[in-house]
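Working notes for the structure below.
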Amino acid sequence: MKNELLPIRFQGISETVYAGFGPRLGAKILDFLIMVPVMGLLLYISGLSKSAYFYTVIPNLLIGIFFEVCLVKIYGGTPGKLIMRLKIIQKNGDDVDWKAAFYRYSVELFLAILAIYVMILTLNMIDDSTYASLGFMERNKLISTINPLPNTIQTWLSGIWIVCGLIVLLTNARKRSTHDFIAGTVVVKSIFIDKIREIANSSTDEEVE
């Protein structure tokens, strides 16, 4: 019978196979740098007019889903994770399926949709000519002035999610973050994937706590 949860430590491997804070932070930074041109283009387009912003809503969401769900399902990680030689797998050692990949991104997707909803409500309070005439900083300041409470709530929710994820990551032996527990996944160092699969498919290996 296949183990339902990978061991904390593996016989014959002196170091942990799980990716901790440092490698995962490095992967996030790489993902951000890779996405800068795309985000810059969408930001430029959305600043042209209110209508242009509305046209970027769906592409924004689809890019996030492609990056965090499709690539995770197909390749086992985002480009940043793959460059850092990390792989996302299910907690029993199997490759990530569509359900796990979606669950892993579900909270961030909800927060992204919430942010867009708040922005749309706020933009409806600004006329087209005023929106188009303002620079990036001036526009953001006006938006915060017009509708501060929903923006504050969304910011707080995002902050709480990030902090909770960090605390959880730093306080469990398998280095799982909050979204890993939601999706039933772990992030491992890809150089150990063959050994991990060997242990995962064995019913006789004892976990070392």
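The values are calculated or read from the model by the stated rules, or taken from the named source; none is laboratory data. None of the values given here were measured: they were computed from a predicted structure. Don't worry about glycine lacking a Cβ; one is built from the backbone with ideal geometry, like all the others, and counts go over all protein chains shown.
See the values below:
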{"quantity": "Selected residue [among the aliphatic types (A, V, I, L, M), on the phi < 0 side of the Ramachandran plot and under 13 Å from the mean Cα position of the chain (by Cα)] from Leu82, Leu121, Leu71, Leu86", "calculated": "Leu71"}
{"quantity": "Filter pass, Ile153 being of a type outside the set (D, E, K, R) and over 17 Å from Leu25 (Cβ atoms)", "calculated": "yes"}
{"quantity": "Hey, Gly40 part of a helix (DSSP H, G or I) and modelled with pLDDT under 95 or not", "calculated": "yes"}
{"quantity": "Some residue of segment 45-64 being within 30 Å of Leu5 (Cα to Cα) and at pLDDT 90 or above", "calculated": "yes"}
{"quantity": "Any hit, segment 31-46, residues being closer than 19 Å to Ala112 by Cα, surrounded by 14 or more Cβ atoms within 10 Å (Cβ to Cβ), aromatic (Phe, Trp, Tyr) and over 14 Å from the mean Cα position of the chain (by Cα)", "calculated": "no"}
{"quantity": "Which listed residue, of Lys73, Lys99, is modelled with pLDDT of 95 or more, surrounded by fewer than 16 Cβ atoms within 10 Å (Cβ to Cβ) and farther than 24 Å from Gly135 by Cα", "calculated": "Lys99"}
{"quantity": "Residue satisfying condition, being without any contact (Cβ under 8 Å) to a residue 60 or more places away in the chain and surrounded by 17 or more Cβ atoms within 10 Å (Cβ to Cβ), within set Ile167, Ile143", "calculated": "Ile143"}
{"quantity": "Selection within segment 131-140 - farther than 18 Å from Val57 by Cβ and surrounded by 12 or more Cβ atoms within 10 Å (Cβ to Cβ)", "calculated": "Leu134"}
{"quantity": "Residue within segment 178-189 that is of a type in the set (Ser, Thr, Tyr), farther than 19 Å from Ile120 by Cβ and touching a Cys at 6+ places or on another chain (Cβ under 9 Å) present", "calculated": "yes"}
